[in-house]
Each structure stands twice: as structure tokens, then as C-alpha cells.
Amino acid sequence: MLESGDPAPDVTARNQDDESVTPDFTELTVVYFYPKDFTGGCTIEAADFQAALPEFRGLGVAVYGVSMDDVDTHADFAEEEGVQFDLLADPDGTVASAFGVPTDGDHTDRVTFLIDDGDVVATYDPALADPDGHARDVLADARHELGIEE
């Protein structure tokens, strides 16, 4: 799994709108991997990032969720949960592999990366990334990375 200081990989995937998306990792970016759409913890985590999205965007921070679900499942999940950031479909695990995120069958571990200037600046261990409140922790670290103290 990528760690702080590692270069972020160049990745492209389709989002819930079936658009090809290539995140710009030269800008401060959050990429969070989650196991499955429509499951308890994953729904909590998506809602958490959605609730904090105005603050992330106000700081110029892009947010991407990634799972091994397909585009159609992401579209249904985004619509039902009101998700307004890109959910990247990674059904074959290519994006997860590029980040070194373990996959098990049809899902990934829960792990988050904060990226800036093309490098990983923080990795959130899946065992410690409680979906409830996780986005607030990442937001605090993004503020710190930008030199903004709360």
C-alpha cells in the first residue's frame, strides 16, 4: 500500500455518470477506497464525505470515492444517497492495485489517501479508518496541509 512520500499513480476510471475521469494529483486530493455501495459502513462514509464536501471544495480539495462496484451501481448509490462527488468504478481492481490497496473477490479494503503535488501526504490505515467521522479527520489534515489551522 502506498505510504506518505510515495508518488501517486496516474489512474483513469469511469464515474457514476459513465464519464472518464483522471484525477489531477498535482492538486490536494482525497481518494478513499471503500468495500461496497449500499452497505452500512460505506453508506455512512459516503454521507460523511458528502456532508463535508462544501468545506473540501471551499479549500479546493477534490474528493473521489473508489470501489469495485460498476458504473450502474455507483449511479444508483449516488442518486439514492445524494453523492455529488465522483465515485470511480474499479470492477477489475486496477485502480486499487495502482494504490496497493488489497482486494478480496469483489471488494477492496477501506483505506484513504490524501495526495498533493503528485505525492501521497497521508495514508489512513483501513483498521483505523472508522467510516463515521473519517471525513472530518481527513478535512482537518487537508487544512493542515494547506497551512490553515482551525
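Residues in the range 99-123 that are surrounded by 16 or more Cβ atoms within 10 Å (Cβ to Cβ) and part of a loop (DSSP other than H, G, I, E, B): Val101, Asp109, Arg110.
Only one of the numbered conditions (1) surrounded by fewer than 21 Cβ atoms within 10 Å (Cβ to Cβ); (2) over 12 Å from the mean Cα position of the chain (by Cα); (3) under 29 Å from Ile148 (Cα atoms); (4) at pLDDT 95 or above is violated by Gly93, and that is (3).
If you go through the range 79-133 and keep only what is of a type in the set (Ser, Thr, Tyr) and more than 17 Å from Gly40 (Cα to Cα), you end up with Thr94, Ser97, Thr103, Thr112, Thr123, Tyr124.
Note on the range 56-93: residues that are of a type in the set (S, T, N, Q) and in a loop (DSSP other than H, G, I, E, B) total 1. In the range 10-30, the residues that are small (Gly, Ala, Ser) reach residues that are part of a loop (DSSP other than H, G, I, E, B) and buried (at least 18 other Cβ atoms within 10 Å of the Cβ) with C-beta atoms within less than 7 angstrom, at least six apart or across chains, in these pairs: Ala13/Asp90.
What are the pairs with Cβ atoms under 7 angstrom where one residue, in the range 50-71, is in contact (Cβ under 8 Å) with a residue 24 or more places away in the chain and the other, located anywhere, is part of a loop (DSSP other than H, G, I, E, B) and polar (S, T, N, Q)? Sequence gap at least six, or different chains. Correct list of pairs: Gln50/Gln84; Leu53/Gln84; Val71/Gln16.
Results for (1) modelled with pLDDT under 95; (2) more than 14 Å from His134 (Cβ to Cβ); (3) β-branched (Val, Ile, Thr); (4) in contact with a helix residue (DSSP H, G or I) (Cβ under 7 Å, 6 or more places away or on another chain), shown as yes or no for each residue.
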| site | (1), (2), (3), (4) |
| --- | --- |
| Glu19 | no, yes, no, no |
| Thr26 | no, yes, yes, no |
| Gly60 | no, yes, no, no |
| Val83 | no, yes, yes, yes |
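Residue-by-condition table, conditions (1) acidic (Asp, Glu); (2) out of contact with any helix residue (DSSP H, G or I) (no Cβ under 7 Å at 6 or more places or on another chain); (3) without any contact (Cβ under 8 Å) to a residue 60 or more places away in the chain:
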site: Asp48; (1), (2), (3): yes, no, no
site: Thr73; (1), (2), (3): no, yes, yes
site: Thr103; (1), (2), (3): no, no, yes
site: Asp132; (1), (2), (3): yes, no, no
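The values are calculated or read from the model by the stated rules, or taken from the named source; none is laboratory data. Note that the coordinates shown come from a computational prediction; the quantities given were computed from them, not determined experimentally. Positions of Cβ are backbone-derived with ideal geometry, glycine not excepted, and every protein chain shown enters the neighbour counts.
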